[in-house]
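Accompanying notes for the structure given below.
Just so it is clear, none of the values below were taken in a lab; they were calculated from the coordinates. Because the structure is predicted, anything quoted here is derived from the model rather than measured. Don't worry about glycine lacking a Cβ; one is built from the backbone with ideal geometry, like all the others, and counts go over all protein chains shown.
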Amino acid sequence: MNRDQIIKDSVKQGWVESMPESVRPYLRLSRYDRPIGFWLLALPGWIGLAFASLSQGLGWEEIKYAVLIAIGAVAMRGAGCTYNDIVDRDLDASVERTALRPLPAGTVSLKAAWTWVAIQCGIGAIVLAFFPRLAQIIAVSSLALVAGYPFMKRITFWPQAWLGLTFNWAVLVAFVAKTGAVSPSLLFLYAGLVFWTIGYDTIYACQDKEDDALIGIKSTARLFGDRVKLGVGICYALCVSFLLLTGWVETNHWVSLLAIVPFALHLIWQTSKLDPQDGRSCLNLFKSNRSAALLCIVGIVLAGLL
């Protein structure tokens, strides 16, 4: 069997497996076989549009920006994952789960991987051209965060915080595209989503605690130790608190507070179900954050209509 067909760190079913073998490694570099990452990069942007609609109203402009954010999320998440694999290729080679990823396995050359990064960034740049100038400036300023992320797990036990700053940057771009300005409520919203990401990525990191400890990779899952559940709960509580503050500042109306309740209940459910020793359960809880964010968006949009 070809090495490319037995990668443990890959989804064995799905459309990626039906693609030509020459194309498959590039799709795996971009994690097209694991779409949850695309969702988690796009959803903060959609949440930003939803919160902006509380004061700006709903219109066709939101649909345009939502589609552009989705396309940009696919392109830039793919570029980020490819870049991450370039930086981590030696570490990946030393871990059984990732040893047969395209770069350590040799199914893609380093030069080809960099070319693939450039192509995906080019698509992202085209998408960005349709946004207002201030939103463009904010979007481009995220590149330093993206570039630094792969190195954070080597130097700090808080790489999840850096990921939170990076993965939720779309909320700044989307909110400013809609409102034309940076406001205190936007900063509260961004802070809340950063804590959300720290929480769900800590859950994700629980799967790799043993391997990470062996090769010296740091994470909040390792930092929290036996108190992972408490740590995730605190992060989620801070997330909900900042989102409630955002809604109140935007509208000064109780309906905006009620809109956050379904999202908050989902996070409470996640925390109650969390078993750090059950890797499969941790992965499922991590993936469930797509539903959590969609509940948040629906709640906020309904609040705006009311």
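Using a Gaussian network model of the chain in which every pair of alpha carbons under 10 angstrom is joined by a spring, one finds that among 240, 146, 182 the greatest mean-square fluctuation is at 182.
Quick check on the exposure proxy: order 273, 111 from fewest to most C-beta atoms within 10 angstrom. Each step should come with its number before you reach the end.
Values: 273 15, 111 8.
Starting with the residue having the fewest Cβ neighbours, the order is 111, 273.
For the chain, modelled as a GNM whose springs connect Cα atoms under 10 angstrom apart, the maximal fluctuation among 79, 292, 50 occurs at 292.
Under the criterion of Cα pairs below 8 Å and six or more residues apart, the relative contact order for the chain equals 21 percent.
Within the listed set 220, 98, 82, the residue fluctuating most in the Gaussian network model of the chain (springs between alpha-carbon atoms under 10 angstrom) is 98. Simple spin-label estimate for residue 15 and residue 269 gives 2.8 nm between the two label positions (7 Å along the Cα-to-Cβ direction from each Cα).
With θ taken as phi - 60° and the Karplus curve 6.51 cos²θ - 1.76 cosθ + 1.60 applied, the whole-hertz 3J(HN,Hα) list for region 133-138 is 4, 4, 5, 5, 4, 4 Hz, x standing for glycine and proline. Between residue 230 and residue 64, the simple spin-label model (points 7 angstrom out along Cα→Cβ) gives 5.1 nm. Per-residue extension of 0.36 nm, minus the Cα-Cα distance of residue 291 and residue 144, leaves a gain of 50.0 nm for this segment. Between residue 118 and residue 241, the modelled label-to-label distance comes to 4.8 nm, taking each label 7 Å out from Cα in the direction of the beta carbon. With N as its number of residues, region 18-305 has a Cα radius of gyration that, divided by 2.2 N^0.38 Å, comes to 1.00.
Hey, which of these cross-link pairs are over 26 Å Cα-Cα: 218/273; 178/273; 111/218; 178/287; 64/153; 209/287? All intermediate terms of the calculation are to be shown ahead of the outcome.
Working: 218/273 24 Å; 178/273 37 Å; 111/218 29 Å; 178/287 28 Å; 64/153 36 Å; 209/287 18 Å.
Those over the limit are 178/273; 111/218; 178/287; 64/153.
Taking a ≥ b ≥ c as the square roots of the eigenvalues of the Cα gyration tensor, region 137-264 is classed as oblate, since a/c reaches at least 1.5 and a/b does not exceed b/c. Roughly what % of Cα-Cα distances in region 139-203 sit above 14 Å, to the whole percent? Tail fraction, whole percent: 58.
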